[in-house]
Each structure stands twice: as structure tokens, then as C-alpha cells.
Amino acid sequence: QVQLVESGGGLVQAGGSLRLSCTASGNIFRINTMGWYRQAPGKQRELVAAVTSGGSTNYADSVKGRFTISRDSAKNMVYLQMNSLKPEDTSVYYCKRDQLRREYWGQGTQVTVSS
């Protein structure tokens, strides 16, 4: 099993920044992908950004140029730097880890962007 714990959510004004962190623990395997997803009320969960253990990244079009995903594999952590936040970025943000053909999810952290 793998446990994921997110932190860093909160309330911010439009145009502001937040940094999310996610720490993985448990049965860690070195080849993996970690990512951030978000889900707003009444909407489907969607990919925000992901990074492989090799360093390849993938972003949703809606966040390109504003969000940056990074990881510290030695600490089993992944980060999401969110700049130029917009009200439409308001969601619960979830950390996800894929390894050995299994996926693991964190509990989620609320991000609210006021206009």
C-alpha cells in the first residue's frame, strides 16, 4: 500500500499563488508517475499535471504557463506551484501516484480562488 498526504491548499485572491505538496509513504517503487488532479462540484475529476520518475511532464491546457509540477524523488514528494490563479481553478486538488499498475489517491486539499 501507498499513502499520500497533500498540503498547501487554501483561499487566495485571483492572480495569487499557492504551492501544493504531496508526500508518499509506504510501499514505494522507484518507477512511477505522480500527478495532480482536481474536481469541482458537479464536474468530473480532471488531470492538472503529472510527472514521471524520468522527469517527463504533462499539463492540462488550462494550466499551461501558470502551473508547474516538480518532484523530489529522494523525499517521495511532488509539488504543484500554481501562479496567476483564476476563480475557475477553485477545486479540490488530489495527489495521485501510479506504480506497478496500481493507482493511489490522496484525500484532497481545497483550493479556493476568490475574484
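The values are calculated or read from the model by the stated rules, or taken from the named source; none is laboratory data. Just so it is clear, the structure is predicted and the values come from calculations on it, not from any experiment. Note that each Cβ is placed from the backbone with ideal geometry, even for glycine, and that neighbours are counted across all protein chains shown. Heavy atoms of the whole protein, side chains included, go into the accessibility calculation; ligands, DNA and RNA do not. Shrake-Rupley method; radii C 1.70, N 1.55, O 1.52, S 1.80 Å.
Examine region 65-80 for a residue that is within 30 Å of Ser114 (Cβ to Cβ), in contact (Cβ under 8 Å) with a residue 60 or more places away in the chain and surrounded by 14 or more Cβ atoms within 10 Å (Cβ to Cβ), and state whether such a residue exists. The answer is yes; a qualifying residue exists. For region 89-115, filtered to residues that are of a type in the set (A, V, I, L, M, F, W, C) and in contact with a helix residue (DSSP H, G or I) (Cβ under 9 Å, 6 or more places away or on another chain), the residue that is farthest from Leu4 (Cα to Cα) is Val113. Report, by residue number, each residue of region 47-58 that is surrounded by fewer than 19 Cβ atoms within 10 Å (Cβ to Cβ) and under 11 Å from the mean Cα position of the chain (by Cα). Within region 47-58, just Leu47 meets the criteria.
Can we say Ser84 is in contact with a helix residue (DSSP H, G or I) (Cβ under 9 Å, 6 or more places away or on another chain) and hydroxyl-bearing (Ser, Thr, Tyr)? I'd like the intermediate steps shown before the answer.
Working: in contact with a helix residue (DSSP H, G or I) (Cβ under 9 Å, 6 or more places away or on another chain): no; hydroxyl-bearing (Ser, Thr, Tyr): yes.
Answer is no for this residue.
For Trp105, the requirement of being at pLDDT 95 or above, open to solvent by 60 Å² or more (accessible area, probe 1.4 Å), aromatic (Phe, Trp, Tyr) and in contact with a Cys (Cβ under 9 Å, 6 or more places away or on another chain) is met. Residue pairs whose Cβ atoms lie under 6 Å apart, sitting 6 or more positions apart in sequence or on different chains, and linking a residue in region 31-46 that is farther than 12 Å from Gly108 by Cα to a partner that is in a loop (DSSP other than H, G, I, E, B), are Ile31/Ser53; Asn32/Ser53. Within region 18-41, being open to solvent by 60 Å² or more (accessible area, probe 1.4 Å) and either of a type in the set (Val, Ile, Thr) or not in a strand (DSSP E or B) (or both) holds for Asn27, Phe29, Arg30, Ile31, Pro41.
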